[in-house]
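Participant: Dropping a structure here in structure tokens format, bear with me for questions.
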Amino acid sequence: MMSSERWGALRRIFSERRPGPKVWDDVCKLFLDWPEDTEREMAIQYAASHFADWKDTARMLPCPSIPHVLALEVMCAPHYRGVASLVRGISFSVLWNASENTAETFVGKGQEALNIRGLERLLASEHISFLKRLQFRKSWAGYGTGVNASGAMLIAESPHVSQLNYLEISDGSIGAEGANWLAQSSSLCSLQKLLLPSCYILDEGLIALAKAAHLSGLKLLECGGNNLHDEGLIVLAQSPHMMQLKTLSLYGNKITTVGLTALLSTNALPSLRRLNLEHNQLEDKAIDVLLSSSLTRQLTHLQLGGNRFTEKGLRRLAEAEELHHIKKLVLGNHFSLHRK
């Protein structure tokens, strides 16, 4: 295909189609086959101007034309820098086994899972300075772990992550050590959303995150399934760095009325609107705390299903006038309410 034909194809993509996954994929495919020259650089700038108003989630890799292995190349190889400059987020499955000694960067059938060598290569690349989103989820395609403490250290120490506003590590094993690495990383100063579900961070990890001044821009913190107790929540409730937090998700932990009381008594969460405490250890004695708290009155979404409330307690919550302002109230046992 001649340069003029490529330009024509690029213009048609943007002029004849509505923004969406197919447009993103076709543009990526076109640039992969476009030889490195001045024309390609101009075309990339042209594409960048059209993508400027797109959401970061619409400019993600991998995509159909750039599957996992090639996505790593795009984000690392120098000759793909132009293409990488258009990308705003990447989402990789991760799987590694400490007993493995391999030069490969991917493992598993179809090479769909990034291993620790691949993660090292990715986080050392200057290309990731273009990214706003990093997502790492454990692959279930083989035996091993997701991102562990060493992986969290690589993220924290990368000099190229200062533009990230979204970081997700799901089903990893970073533990309290990995959470500490993230908490100590001033490179993550732009984060607005931090998701660490099922990463075994424990109270020690949550406390480290709560004390991290550079995380004062967080608007969403998800720490579900991390074996958290009241201790971590008490420190979080006292933190001066969570003033902008709008969504706090702590489902699947071991929080009791003690931790809830500390949370709902604080003045340090003025922006909080969504709170998920499903599948903890809350009992009926927590209801008075919930109904009398000024923080409860500022919530729009409250999830409490899977706790230890009695049927009588659930009915009381469902009928409480103090919760009538809440748009989404999830209590479980057929008591969930959605209000306009």
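Participant: What relative contact order, as a whole-number percentage, does the chain give when Cα pairs under 8 Å and 6 or more residues apart are counted?
Facilitator: 8 percent
Participant: Something else now. May I ask you to derive the relative contact order of segment 147-340, considering only C-alpha pairs under 8 Å and at least 6 residues apart, and to give it as an integer percent?
Facilitator: 13 percent
Participant: Taking the Cα atoms only, what angle lies between the long axis of helix 21-32 and the longest principal axis of the chain, rounded to 10 degrees?
Facilitator: 40 degrees
Participant: Could you order the peptides 34-43, 129-138 from most to least packed, using the average number of other C-beta atoms within 10 Å per residue?
Facilitator: Averaged packing, sorted descending, gives the order 129-138, 34-43.
Participant: Here's something else I'd like to know. Name the residue from Ser139, Leu202, Ser125 whose Cα lies farthest towards the positive end of the charge dipole of segment 120-241, charges +1 on Cβ of Lys and Arg and -1 on Cβ of Asp and Glu.
Facilitator: About the Cα centre, the residue reaching furthest to the positive side is Ser125.
Participant: Can you give the helix-only mean residue ellipticity at 222 nm for the chain, where every DSSP H stretch with n ≥ 4 adds -39500 (n - 2.57) and the sum goes over all residues, rounded to the nearest 500 deg cm²/dmol?
Facilitator: -10500 deg cm²/dmol
Participant: Against the longest alpha carbon principal axis of the chain, how many degrees, from 0 to 90 and to the nearest 10, is the axis of helix 3-16 turned?
Facilitator: Roughly 30 degrees, rounded to the nearest 10.
Participant: Counting only DSSP beta bridges with both residues in the chain, what percent are antiparallel, rounded to the nearest 5?
Facilitator: 15 percent
Participant: So which of Lys29/Lys132; Lys211/Lys254; Lys132/Lys254; Lys211/Lys285; Lys138/Lys219; Lys193/Lys328 end up more than 26 Å apart by C-alpha?
Facilitator: Pairs exceeding 26 Å: Lys132/Lys254; Lys211/Lys285.
Participant: Of all DSSP beta bridges located in segment 147-340, what percent are antiparallel, nearest 5?
Facilitator: 10 percent
Participant: Sticking with this one: Ranked by Cβ crowding within 10 angstrom, fewest neighbours first, how are Ile174, Ile207, Ile326 ordered?
Facilitator: Ile326, Ile207, Ile174
Every number here is computed from the coordinates shown, using simple stated rules; none is lab data. Bear in mind the structure is a predicted one, so any value in this text is a computation, not a measurement. Cβ: placed from backbone, ideal geometry, glycine included. Neighbour counts: every protein chain shown.
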